[in-house]
Amino acid sequence: MDRDTLLERALTMADEGDWSAAADLLRGQLVEFDEEPAVHCWLGVAERELGMEGVAYERFKRALALDPQDPYVLATAGNGLARFDDPAAEQALRAAALIAPRVAVARMFYGAYLSREGFTEEGLVELNTAREIDPDDAQVAYELGVGYALAGDQDRAADALADAVRLAPEDGWTRVVFGLVLLEADRRDEAVGELMSGARLSE
């Protein structure tokens, strides 16, 4: 099996929600594809989804150590490192955004990182660019809402999160965050409805 076929099979399993099968498939091919950053990266994604955060972190580090040029690998692995406050995340995320300025996920992850690190103005530029590239991506809308919330602009945060809820109505966590932002904006009646919906969807 070549690399592209392997990744296609693993991503199909992931799309079906079978993260365990995807991880087993990728692990079984690591000896043959040990120098392929994409294999380590997507194995890290699968293991993170399975709750194996520490193992996933090492996969992302390995992926970046192999000097990938694929913006999706750079963005995904960089985002994985950012969850652990690894300073190497910034370089990977910036590289992804520079290599692929019209790839929404690259601009989104870089913008989210900048916002969470306190560079809210720069982060919002990246996040708004990601939204322009892909206005129908619920995750982009969510991260833009979080970015505005971190910048203290609760009204714009609420607008972006309302779009995220519209695009992914079954995402309980997004509804909870939306509800909290509505509380900050003193829109209490709306907030209660979103928080209750979020609690039902994500017990």
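The values are calculated or read from the model by the stated rules, or taken from the named source; none is laboratory data. Keep in mind it's a predicted model, so treat the numbers as computed, not measured. Counting neighbours? That spans all protein chains shown, and the Cβs are built from the backbone with ideal geometry, glycine included. Areas reflect the complete protein model, heavy atoms only, side chains present, ligands, DNA and RNA absent. Shrake-Rupley method; radii C 1.70, N 1.55, O 1.52, S 1.80 Å.
Rolling a 1.4 Å probe over the protein chains gives Glu53 an accessible area of about 70 Å².
Packing around the peptides 163-170, 21-28, taken as the average count of other Cβ atoms within 10 Å per residue, puts them in this order, highest first: 21-28, 163-170.
Is there a quick way to get the dipole size of region 85-162? I mean about its Cα centre, with the Cβ of Lys and Arg at +1 and of Asp and Glu at -1; what is the value in debye to the nearest 20?
Numbers: 6 positive and 15 negative charges, 36 e Å.
About 180 debye.
Fully extending the segment from Asp67 to Glu184, taken as 0.36 nm per residue of separation minus the present Cα-Cα distance, adds 37.9 nm. A Förster radius of 30 Å, combined with the Cβ-Cβ distance separating Val192 from Glu170, puts the computed FRET efficiency at roughly 0.95.
Before I look further, what does the chain give for accessible area per residue, probe 1.4 Å, in whole square angstrom? Kindly include the intermediate steps, with their values, before the conclusion.
Numbers: 10350 Å² over 203 residues.
Value returned for the chain: 51 Å² of accessible area per residue.
Overall, the accessible surface of the chain at a probe of 1.4 angstrom is composed of carbon and sulfur to the extent of 49 percent.
When only DSSP loop residues count, what trypsin sites (Lys or Arg not before Pro) in region 66-138 have their Cβ near at most 16 other Cβ atoms within 10 Å?
Working: sites: Arg83, Arg94, Arg102, Arg107, Arg116, Arg131; in loops: Arg83, Arg102.
Answer by residue number: Arg83, Arg102.
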